[in-house]
Amino acid sequence: PEGYLLSNEIIIFAVKADGTTSKVVMKNTPLSVVEFSKIDATTSKELPGAHLEVRNIGGKLIEAWVSTNETHFIKLEPGKYTLKETIAPEGYLLSKEIITFEVKADGTTSKVVMKNTPISTIEFSKIDATTGKELPGAHLEVRDASGNLIEAWVSTNETHFIKLKPGKYTLK
């Protein structure tokens with residue numbers, strides 16, 4: 001039946017000459033319900049908008065979904081599986097982690113949790129040292145630790161914002 005494992009049990013029974021028999025019972029084991037949680041790495045709160053997929057160990061897609069503010073549940077038979085993120089929620093880095101988990105023959109497994117790191121929005125301000133007011137006209141650039149240019153701009157009367165991944169940067 002749907003939601004249960006196929007019974008591989010073969011039951012041998014006899015019908016007596018007088019037509020009587022004993023009761024024949026075949027049992028099915030229910031599929032295991034596995035809970036999936038997609039959370040913000042900094043707040044540990046459920047994170048909506050992540051595109052996720054569970055595949056069996058052979059690579060066959062079992063289920064794909066988009067995370068919400070609630071955990072997600074899938075009924076699975078015993079075996080090994082992987083959880084992978086294919087699209088990160090807006091404002092977050094794509095998780096490169098592939099989580100392998102196992103549903104044991106007795107139906108046990110633990111909750112599967114995947115985290116996303118938010119992209120940080122950094123505010124840059126070029127100010128006059130004596131007045132503390134924004135100073136327009138300065139040519140500024142942000143580079144990563146390898147010296148690659150991330151963004152260049154000319155300061156204005158307003159602060160400048162850049163979304164940055166975790167790492168070390170220089171402002172020049």
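The values are calculated or read from the model by the stated rules, or taken from the named source; none is laboratory data. Keep in mind it's a predicted model, so treat the numbers as computed, not measured. Positions of Cβ are backbone-derived with ideal geometry, glycine not excepted, and every protein chain shown enters the neighbour counts. Remember, those area values only see protein heavy atoms, side chains included, never the ligands or the DNA or RNA. Shrake-Rupley method; radii C 1.70, N 1.55, O 1.52, S 1.80 Å.
I'd like the full set of residues that are surrounded by 10 or more Cβ atoms within 10 Å (Cβ to Cβ) and either within 38 Å of the chain's Cα centre (by Cα) or touching a residue at least 60 places away in the same chain (Cβ under 8 Å) (or both), limited to the stretch 130-148.
Hits for the stretch 130-148 are 140, 141, 142, 143, 144.
Return the only residue of 85, 70, 63, 77 being open to solvent by 70 Å² or more (accessible area, probe 1.4 Å), at pLDDT 90 or above and on the phi < 0 side of the Ramachandran plot.
The conditions single out 70.
If a residue has to be among the acidic types (Asp, Glu) and open to solvent by less than 70 Å² (accessible area, probe 1.4 Å) to count, how many in the stretch 1-38 make the cut? Break it down stepwise before answering.
Taking the stretch 1-38 and keeping what is among the acidic types (Asp, Glu), we get 2, 9, 18, 35.
When the remaining residues are screened for being open to solvent by less than 70 Å² (accessible area, probe 1.4 Å), the result is 35.
Selection size over the stretch 1-38: 1.
Rundown of residues vs (1) within 15 Å of residue 73 (Cα to Cα); (2) among the aliphatic types (A, V, I, L, M), yes/no style:
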| residue | (1), (2) |
| --- | --- |
| 95 | no, no |
| 101 | yes, no |
| 109 | yes, no |
| 117 | no, no |
| 121 | no, no |
| 127 | no, yes |
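Quick one: which of 27, 38 is touching a residue at least 60 places away in the same chain (Cβ under 8 Å) and either part of a loop (DSSP other than H, G, I, E, B) or under 18 Å from residue 97 (Cα atoms) (or both)?
38
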